[in-house]
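First comes the structure, then the notes that go with it.
The values are calculated or read from the model by the stated rules, or taken from the named source; none is laboratory data. All values reported here derive from a predicted model rather than from experimental measurement. Note that each Cβ is placed from the backbone with ideal geometry, even for glycine, and that neighbours are counted across all protein chains shown. Note: areas computed on protein heavy atoms with side chains; ligands, DNA, RNA excluded. Shrake-Rupley method; radii C 1.70, N 1.55, O 1.52, S 1.80 Å.
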Amino acid sequence: MSLFLAVDGGQTTTKALLADESGNILARASAGPSNHTEEPGGPERLARVSGEVIASLCTQAEAADPEFTAACFGMTGETRLKAQILSKHVRTSYLSVVHDSINALAGAAAGDPGIVVIAGTGSVARGRNAAGREMRVGGWGHLFGDEGSAYWIGREAVRVAAADEDLLGPKTSLTRSLLDRIPVSSVSQLMEKYYSGELTRDHLAGLSVWVAEAAQEGDAVAQAILQEAGRLLAQPALALIMHLFPDQGDSSKVYYAGGAFESPSVLSAFRNTLLNIHPRLEIEPPIFPPVFGSLILAYQSAGITLSEAVFQSWKRLHARTAPDGIRP
């Protein structure tokens, strides 16, 4: 039996699927983070975590030490080093290691042309047209990009709290929320924790939940942050429409994924910004999550085209196991 391996490796979780040549899902597995391979211990972590999910999949499927027909890993960040590491540990005829926006788009559009905008801790957008031309916009990381992401929203919360304390901006309940919950006695102490590294980029991204709470409670500053996040996330989609779908902008499809879109304010501003320019644009949550995108790409690398019946069976499986459907 031919076996196909799909992995979506993230900064917090690694998800994996095992399927046969007919598209039947044989096993599912998850493990801890498998990224940051440039850090000390990173290559070893990637090898260990990938080994864990593969071992779990094979145990479930009762497949002892198989050689996969094809395997696709979607990973954040660079792929060259990850491909070198995985090629030593994964026995497969076709190994693909791709940027996570590629497998996210493959899953979101079920292998068809389209655009996906991802806004989790960071943000990035990817598009592919019917001619096979692909383009990525964003994904430059928190120092030079990540506009509209959870990190950006959290950073804005700290920035408006500082402006509030300096009497340079409007009063906002975010100031007291941050000081009480962190907890610190002043915005200066809050800044010190971030600059010293005691509080991390991921912690800053986590503040986006508090911004959403403040917005729901009527804080105008928090509402403005979320609305601006949605408008910023629409910009890469507009750029991709212009460059990849210049003659069919309104008939192209845009998918949205990631925790930042769980805010109704972010999603509403995102949709409105796009529809103001392309009124008939289809804006939808992903059809499948990224790990299914990795599986689609694994089949494609082996020259296999999946049938609509396979996709329908995957939809039924995914609906039973992940009813929200929009988290990457």
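Does the range 62-78 include one or more residues that are at pLDDT below 90, out of contact with any strand residue (DSSP E or B) (no Cβ under 7 Å at 6 or more places or on another chain), in a helix (DSSP H, G or I) and open to solvent by 40 Å² or more (accessible area, probe 1.4 Å)? Before you say what the answer is, go through the steps one by one.
So the first thing to find is which residues in the range 62-78 are at pLDDT below 90, and the list is 62-67, 75-78.
The next check asks that each one be out of contact with any strand residue (DSSP E or B) (no Cβ under 7 Å at 6 or more places or on another chain); those that pass are 62, 64-65, 76-78.
Checking which are in a helix (DSSP H, G or I) leaves us with none.
There is no residue in the range 62-78 that is at pLDDT below 90, out of contact with any strand residue (DSSP E or B) (no Cβ under 7 Å at 6 or more places or on another chain), in a helix (DSSP H, G or I) and open to solvent by 40 Å² or more (accessible area, probe 1.4 Å).
Among the candidates L226, L179, single out the residue that is in a helix (DSSP H, G or I) and buried (at least 18 other Cβ atoms within 10 Å of the Cβ).
From the options L226, L179, the qualifying one is L226.
Where the second residue is modelled with pLDDT under 85 and open to solvent by 60 Å² or more (accessible area, probe 1.4 Å) and the first is under 25 Å from I283 (Cβ atoms) and assigned to a loop (DSSP other than H, G, I, E, B) and lies in the range 305-328, which pairs have Cβ atoms under 9 Å and are six or more apart or on separate chains?
From the range 305-328, the pairs are G325/A319.
Could you tell me which of the residues I102, I118 is touching an Asp or Glu at 6+ places or on another chain (Cβ under 9 Å), in a strand (DSSP E or B) and under 27 Å from A205 (Cβ atoms)?
The unique qualifying residue is I118.
What number of residues in the range 94-130 are modelled with pLDDT under 90 and of a type in the set (S, T, Y)?
Residues that pass the stated criteria total 1.
Given the conditions (1) farther than 14 Å from L240 by Cα; (2) open to solvent by less than 50 Å² (accessible area, probe 1.4 Å), which single one is not true for G114?
(1)
Out of the residues in the range 124-144 that are assigned to a loop (DSSP other than H, G, I, E, B) and farther than 18 Å from M75 by Cα, which is least open to solvent (accessible area, probe 1.4 Å)?
The extreme case among them is N129.
Filter the range 165-176 down to the residues that are in contact (Cβ under 8 Å) with a residue 40 or more places away in the chain and open to solvent by less than 30 Å² (accessible area, probe 1.4 Å) and list them by number.
Matches in the range 165-176: G169, T172, L174.
Consider the range 1-52. How many of its residues are among the charged types (D, E, K, R), in contact (Cβ under 8 Å) with a residue 12 or more places away in the chain and not in a loop (DSSP other than H, G, I, E, B)? Talk me through it step by step, then tell me what you get.
Pass one, the range 1-52, residues among the charged types (D, E, K, R): 8, 15, 20-21, 28, 38-39, 44-45, 48, 52.
If we keep only those that are in contact (Cβ under 8 Å) with a residue 12 or more places away in the chain as well, we get 8, 15, 20-21, 28, 38, 45, 52.
Narrowing further to those that are not in a loop (DSSP other than H, G, I, E, B): 8, 15, 20, 28, 45, 52.
The number of residues fulfilling the criteria is 6.
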